[in-house]
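The values are calculated or read from the model by the stated rules, or taken from the named source; none is laboratory data. Everything numeric in this text was worked out from a predicted model, so none of it was measured. Don't worry about glycine lacking a Cβ; one is built from the backbone with ideal geometry, like all the others, and counts go over all protein chains shown.
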Amino acid sequence: MIDATHDPGRTSWVETANGHTNFPIQNLPIGIFSPPGGSARGGVAIGDQILDITAALEAELFKGAVRDSAEAASGTTLNKLLAASPLARQALRQRLSDVLSDPVFRPLGPRLLHDAVACMMHLPAQVGDFSDFFAGIHHATTGGMINRPDNPLSPNYKYMPVAYHSRASTVRPSGMVVRRPNGQRKPPGQVEPDFGPCRNLDYEMELGVWIGQGNEIGNPIPIADAGRHVVGLCLLNDWSARDIQAWESLPLGPFLSKSLSTSVSPWIVTAEALEPFRIPQPPRPISDPAPLPHLLDPMDQAMGCFDIEFQVLLLTPAMQAAHQAPHRMSVSNASMLYWTVAQMVAHHTSNGCNLLPGDLFGSGTISGTEPGTEGCLLEMTRGGQKSISLPNGETRTYLQDGDEVIFTASCRKPNHVTIGFGECRGVVTPALPI
């Protein structure tokens with residue numbers, strides 16, 4: 001699936017794209033933006049610019065079936081494009097790459113491009129359903145040791161990708177504020193629960209998965225076919241109220257502690273752009289069970305994992321006032337997930353559940369085993385028992401009002417151009433009184 005769009009020698013007449021750490025011409029992620037004074041529409045990130053697909057249509061840069069794909073990508077959401085076939089999306093990508101690399105189209109730049117910093121980004125699609133997985137085994141193990149030291153992993157964990165249905169209505173694009181939630185809390189030693197603002201607000205560094213073509217209800221998606229139902233990936237912050245979560249989770253799992261807000265990066269980095277960065281799924285320990293047949297495919301095991309490096313940054317109000325750079329809290333990698341994206345899709349539909357274009361998955365928190373690879377504060381502070389020292393002398397166990405959490409991610413490989421995901425940001429604001 002590697003083609004001319006991945007050629008490391010290909011450059012763009014959009015000068016800022018050449019050497020851009022996130023959006024070179026080899027990436028071309030898709031999203032929904034509003035230019036200054038304009039309405040929401042489809043666009044493609046290229047360097048520090050956004051290519052306006054509607055303007056490109058008006059310039060008659062697309063013909064035939066590719067024009068149909070461009071029209072599907074030009075609306076106020078990308079759901080129609082997500083519903084298109086992978087071949088249709090691939091053809092649109094190839095045409096966009098050709099247009100943006102051929103200097104003959106340079107004179108159209110003022111008509112086609114907008115400065116990204118002047119634009120407003122929106123959710124790329126209308127989210128019908130949001131399912132949050134628990135596929136980061138190191139996070140699951142560490143969190144389990146904190147809360148259930150005698151039984152950190154449930155017996156089913158290594159047999160299926162555990163997940164729960166979360167709240168689609170509170171999925172928000174990067175940059176929107178996150179209101180500290182109110183809820184019931186029952187700290188250890190307290191006889192009765194009380195109600196008030198969350199004291200232990202946390203972030204969770206996750207991979208977001210955008211679903212394309214769905215399946216008919218009652219018809220599972222085979223593991224060997226699951227990959228073509230994934231349009232692309234993004235960054236996802238599953239904001240978590242840990243004190244509320246600890247009280248409400250038994251017996252049915254998290255509810256209000258997770259539905260307060262979910263932040264996603266606004267660009268869908270497509271499956272096609274990620275092709276060079278596929279790697280084998282890391283082998284399981286010999287003592288672990290092999291996946292059951294409906295979750296096991298040789299091709300998926302050979303190239304179903306992604307080599308994506310994530311960073312979590314924290315910017316406190318004091319750091320911002322002092323014009324200090326955000327502090328890097330941790331670094332992790334998507335290869336630390338125990339289950340592949342295709343296994344998540346296959347398991348989600350194995351009972352006949354139907355997926356729809358625009359459905360969103362969260363991977364679960366992506367953490368490693370070493371200090372500095374934790375994907376959340378719960379792990380870093382061992383449930384709030386260990387304070388984190390920041391370079392400016394501040395300390396944290398959980399997030400305080402005014403703190404801004406920033407996720408970034410990139411894919412690097414020898415003889416290939418580095419591509420990135422942009423940012424997923426969110427600022428914590430105080431709870432509202434009830």
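Scanning region 285-317 for residues that are surrounded by 14 or more Cβ atoms within 10 Å (Cβ to Cβ), farther than 13 Å from Gln343 by Cα and over 22 Å from the mean Cα position of the chain (by Cα) yields Thr316, Pro317.
Residues that are within 23 Å of Leu123 (Cα to Cα), of a type outside the set (S, T, N, Q) and surrounded by fewer than 22 Cβ atoms within 10 Å (Cβ to Cβ) within region 205-229 comprise Gly214, Gly227, Arg228, listed in sequence order. When we screen Arg172, Arg180, Arg167, Arg185 for residues that are in the same structural domain as Cys376 (by TED's automatic domain parsing), crowded, with 16+ Cβ neighbours inside 10 Å, touching a Cys at 6+ places or on another chain (Cβ under 6 Å) and in contact (Cβ under 8 Å) with a residue 40 or more places away in the chain, the only hit is Arg180. In the set Gly368, Gly372, only one residue is at positive phi and either within 21 Å of the chain's Cα centre (by Cα) or not assigned by TED's automatic domain parsing to the domain that holds Gly31 (or both); that residue is Gly372. Looking at region 347-365 only, could you name the residues that are β-branched (Val, Ile, Thr) and either outside the structural domain of Gly227 (by TED's automatic domain parsing) or in a loop (DSSP other than H, G, I, E, B) (or both)? Thr365 - this is the single residue of region 347-365 that is β-branched (Val, Ile, Thr) and either outside the structural domain of Gly227 (by TED's automatic domain parsing) or in a loop (DSSP other than H, G, I, E, B) (or both). Kindly establish whether Val264 is touching a residue at least 40 places away in the same chain (Cβ under 8 Å), farther than 19 Å from Cys376 by Cα and under 18 Å from the mean Cα position of the chain (by Cα). So Val264 does not fit the description; no. Looking across region 190-232, just one residue is charged (D, E, K, R), touching a helix residue (DSSP H, G or I) at 6+ places or on another chain (Cβ under 6 Å) and in a strand (DSSP E or B), and that is Asp202. The residue pairs whose first member lies in region 129-151 and is more than 30 Å from Leu355 (Cα to Cα), whose second member is buried (at least 22 other Cβ atoms within 10 Å of the Cβ), and whose beta carbons are closer than 6 Å, counting only pairs six or more residues apart or on different chains, are Thr142/Glu379. Can you name the residue in region 136-189 that is β-branched (Val, Ile, Thr) and either in contact with a strand residue (DSSP E or B) (Cβ under 8 Å, 6 or more places away or on another chain) or not in a helix (DSSP H, G or I) (or both) and, of all such residues, is nearest to Gly253 (Cα to Cα)? Step by step, filter region 136-189, then rank; the result is Val162. In summary, strands (runs of 3 or more DSSP E) completely within region 1-112 and bearing 1 or more residues that are touching a Pro at 6+ places or on another chain (Cβ under 6 Å) occur at 30-34, 41-46. Of all residues in region 71-97, those satisfying the criterion of being small (Gly, Ala, Ser) and within 15 Å of Thr270 (Cα to Cα) are Ala73, Ala83, Ala84, Ser85, Ala88, Ala91, Ser97. The residues on offer are Leu296, Leu233, Leu274, Leu252, and the sole one that is over 30 Å from Gln90 (Cα atoms) and not assigned by TED's automatic domain parsing to the domain that holds Leu87 is Leu252. The residue that is nearest to Leu292 (Cα to Cα), among those in region 125-135 that are touching a strand residue (DSSP E or B) at 6+ places or on another chain (Cβ under 9 Å) and assigned to a loop (DSSP other than H, G, I, E, B), is Ala135. Of the residues making up region 79-89, one or more are closer than 21 Å to Leu235 by Cβ, crowded, with 23+ Cβ neighbours inside 10 Å and in contact (Cβ under 8 Å) with a residue 40 or more places away in the chain.
Checking each residue in region 386-419 for being part of a loop (DSSP other than H, G, I, E, B) and free of Cβ contacts under 8 Å to residues at least 12 places away in the same chain picks out Lys386, Ser387, Gly393, Pro414. Within region 369-384, if we keep just the residues that are assigned to a loop (DSSP other than H, G, I, E, B) and among the charged types (D, E, K, R), the residue that is farthest from Asn333 (Cα to Cα) turns out to be Arg382.
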